[in-house]
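J.: Here it is, the structure, as structure tokens.
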Amino acid sequence: MNAKEPLWLCMGSACHQRGVYDILPHLQRLLCEHQLDRVIELKGSFCLGPCVNGSVLKFRETLFINITPENLRVRFTMEMLRHLKAAL
Amino acid sequence: MHDFLDIHDSSLFRHGEELCGDQVRLVQAGDRTIAILSDGLGSGVKACILATLTSQIIATMLGAEAPLDEVLSTVIGTLPMCKVREIAYATFTVVEVNQVTLEVRVINFDNPPILYLKAGHPAKLQHRVEKILDRDVIISEGRLERGDFLAALSDGVLHAGLGGAMNFGWGRDNVLKFTEQTMLHNPGSARAIVTRVLNEVNRLYHDEPGDDATIMGVYVRARKSLMVFTGPPLKEEDDRGACDKLFAFAGRRVVCGGTTTNIVGNYLGMTIEADISTMRRNLPPVGYVKDVDLLTEGILTMARTLEIMREVKGDITRLPEDRNGAVLLATELLEADYIEFLVGQSISEYYQNPLLPRNISIRVSLVKEVVEFLREVRKEVVVDYI
Ligand code: FES
């Protein structure tokens, strides 16, 4: 099997302050729900850059900004999913 | 070169007492390090005051390079004698080491003989007896080498177990044997040796010491060095140089800060991953990369590190067990004898956000506080701003 592709979750100071601790388990669950966990691996990253717009996720070259524990589910299904499906 | 004079002292208080009748003072006078252990007669307040007075007089006078006989006659002349027991009210041991040449002089006035081990085995220093104001003072001299351990003891150490676990107390031979065994296990620091021996003393006393017991240990070992690179340099073109410096450093290496970590990642041409399992609700995770011993987030981690180090008063053995960024950083800092900080002064845009609490807004002042604390716990610290 091919190595999984990384989905980077920023864990820098700013993003941490904005709830990464709570985003992480949610995100893991969402990946499972959509059976993406077979092809995508969630990885921790140091500061991804746009700190002011935390929390930040990165898949391939695309950044997803302003993610919060509250809006994660919506943002994931409406926006991120189509990018992530490219890994399938 | 790069031998380190590791000095640590620790005391058990006589059961039920709130003050210790044994007192230790350390003075640094030029190249000379002077460590004094004084044991006041009896225990409690009176003993404590006598021992404090004695060690302070010696520290002040020897620190000011007063000649030995003058120091001793001042102390012996000042100390009252106990009329009943015909002994002085406070006894003392002075260990004076030249940090450069490692020449050592030990002055012992009525304390138990010092322990001295060379390469882990009992050894002896040349000694002579001098009469000062009609009192015997034993003076030992020699030169220490890497691996030597020398310790001054108060008599409470030798009396451990008296009448209880052992009829006549632990005694000097047993203390020496126990220390020898301790050294077999590569203890790594004066603190480790002193703590193990003193724990045994406490055990023999069944946790209720019948006398104050103190060990002041001097251990010559290789100096442990650490470099901490934190914060992006003011000018981007200095990034490379800072990394060159970090990787050329002979010792352990820590990178502290997200942007700083990215600078190091770029330099190495790799993405540095954070170890998710080390993330805590109040602390971002750490990362690892070849040739760097630890990478952490910056401000939050460093602030918590400072808190933790203060909570445990710089005692590495009391750090919390949790494997998080702050504990790991505190471990690196407290393990080192010599620490070089490479502090980049560029402030990330994010921290200029006026909505942020001020305490996470200024790296430089945080580093200053950390440095101050480390110096208080006798670390040699050098700070380089870039
Ligand atoms: S901390 Fe997440 S982008 Fe900077």
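J.: Cα-based count: Lys pairs in chain B below 18 Å, eight or more positions apart or different chains?
T.: For chain B, the number of qualifying lysine pairs is 10.
J.: Moving on to the next point. Remind me, relative contact order of chain B in percent, using alpha carbon pairs under 8 angstrom and six or more residues apart?
T.: In percent, rounded to a whole number, it is 14.
J.: For residue B:2, what accessible area in Å² do you get when you roll a 1.4 Å probe over the heavy atoms of the protein chains, rounding to the nearest 10?
T.: The accessible area comes out at roughly 100 Å².
J.: Compute for chains A and B the buried accessible surface, both sides summed, probe 1.4 Å, and express it in Å² to the nearest 100.
T.: Counting protein atoms only, the buried area is about 1900 Å².
J.: Highest first, please rank the peptides B:130-140, B:150-160 by the mean number of other Cβ atoms sitting within 10 Å of their residues.
T.: B:150-160, B:130-140
J.: Using a Gaussian network for chain B with springs between C-alpha atoms less than 10 Å apart, which of these wobbles most: B:289, B:95, B:201?
T.: B:289
J.: Okay, next question. With a 1.4 Å probe and all protein chains kept in place, how do B:116, B:385 rank by accessible area, largest first?
T.: Ranking B:116, B:385 by accessible area, largest first, yields B:385, B:116.
J.: May I ask for the distance between the Cα centers of segment A:27-50 and segment B:92-124, given as a whole number of Å?
T.: Cα centroid to Cα centroid, the span is 60 Å.
J.: Sticking with this structure for a sec: Return the whole-Å distance between the Cα centroid of segment B:360-385 and the Cα centroid of segment B:133-154.
T.: Their Cα centres are 35 Å away from one another.
J.: Segment B:317-332 to segment B:40-68: how many Å between their Cα centroids?
T.: The distance from the Cα centre of segment B:317-332 to that of segment B:40-68 comes to 36 Å.
J.: In deg cm²/dmol, rounded to 500, what helix-only [θ] at 222 nm does the protein assembly as shown give when every DSSP H run of at least 4 residues adds -39500 (n - 2.57) and the total is split over its residues?
T.: Details: 14 runs with 150 residues, N = 474.
It lands at -9500 deg cm²/dmol.
J.: When ligands, DNA and RNA are left out and all protein chains stay put, how many square angstrom of accessible area per residue does the protein assembly as shown have with a 1.4 Å probe?
T.: That works out to 47 Å² for each residue.
J.: Okay, moving on. Please compute the average number of Cβ atoms from other chains found within 10 Å of each residue's Cβ in peptide A:75-83.
T.: Numbers: counts 0, 0, 0, 0, 0, 0, 0, 0, 0.
For this peptide, the per-residue mean of nearby foreign Cβ atoms is 0.
J.: Give the average, rounded to an integer, of partner chain Cβ atoms located within 10 angstrom of each Cβ in A:5-18.
T.: Across the residues of A:5-18, the mean count of other-chain Cβ atoms within 10 Å is 6.
J.: Only bridges whose two residues both fall in segment B:3-222 count here: according to DSSP, what percent of them are antiparallel, nearest 5?
T.: Antiparallel: roughly 95 percent of the beta bridges in segment B:3-222.
J.: Turning to a different aspect of this structure: What ranking of B:305, B:317, A:62 comes out by heavy-atom accessible area, probe 1.4 Å, highest first?
T.: B:317, A:62, B:305
J.: Using the Karplus curve 6.51 cos²θ - 1.76 cosθ + 1.60 with θ = phi - 60°, what ³J(HN,Hα) values do you get for each residue of segment A:11-25, in whole Hz, with x for Gly and Pro?
T.: Coupling constants for segment A:11-25: 10, x, 3, 5, 5, 4, 4, 9, x, 4, 4, 8, 5, 3, x Hz.
J.: Give the accessible area for residue A:88 in Å² (nearest 10); use a 1.4 Å probe, count only protein heavy atoms, and leave out ligands, DNA and RNA.
T.: Near enough 110 Å² of accessible area.
J.: Over chain A, what is the relative contact order in percent, taking alpha-carbon pairs closer than 8 angstrom and at least six residues apart?
T.: Relative contact order here is 37 percent.
J.: Could you state how much accessible area residue B:347 has, in square angstrom rounded to the nearest 10, with a 1.4 Å probe and all protein chains kept in place?
T.: For residue B:347, the solvent-accessible surface is approximately 90 Å².
J.: When DSSP beta bridges are limited to those with both residues in chain A, what percentage is antiparallel, rounded to the nearest 5?
T.: Beta bridges within chain A, antiparallel portion: roughly 50 percent.
J.: Take every Cα pair under 8 Å in segment B:3-222 that's 6+ residues apart, average their separations, divide by the length, and report that relative contact order as a whole percent.
T.: Working: 496 pairs, mean separation 57.8, N = 220.
Relative contact order of segment B:3-222: 26 percent.
J.: At 1.4 Å probe size, put B:383, B:71 in order of accessible surface, largest to smallest.
T.: These residues rank, largest area first, as B:383, B:71.
The values are calculated or read from the model by the stated rules, or taken from the named source; none is laboratory data. All of these numbers come straight from a predicted model, not from anything done at the bench. No Cβ is skipped: glycine too gets one built from the backbone with ideal geometry, and neighbour counts run over all protein chains shown. Quick note on the areas: whole protein, heavy atoms, side chains included, nothing else; ligands and nucleic acids left out. Shrake-Rupley method; radii C 1.70, N 1.55, O 1.52, S 1.80 Å.
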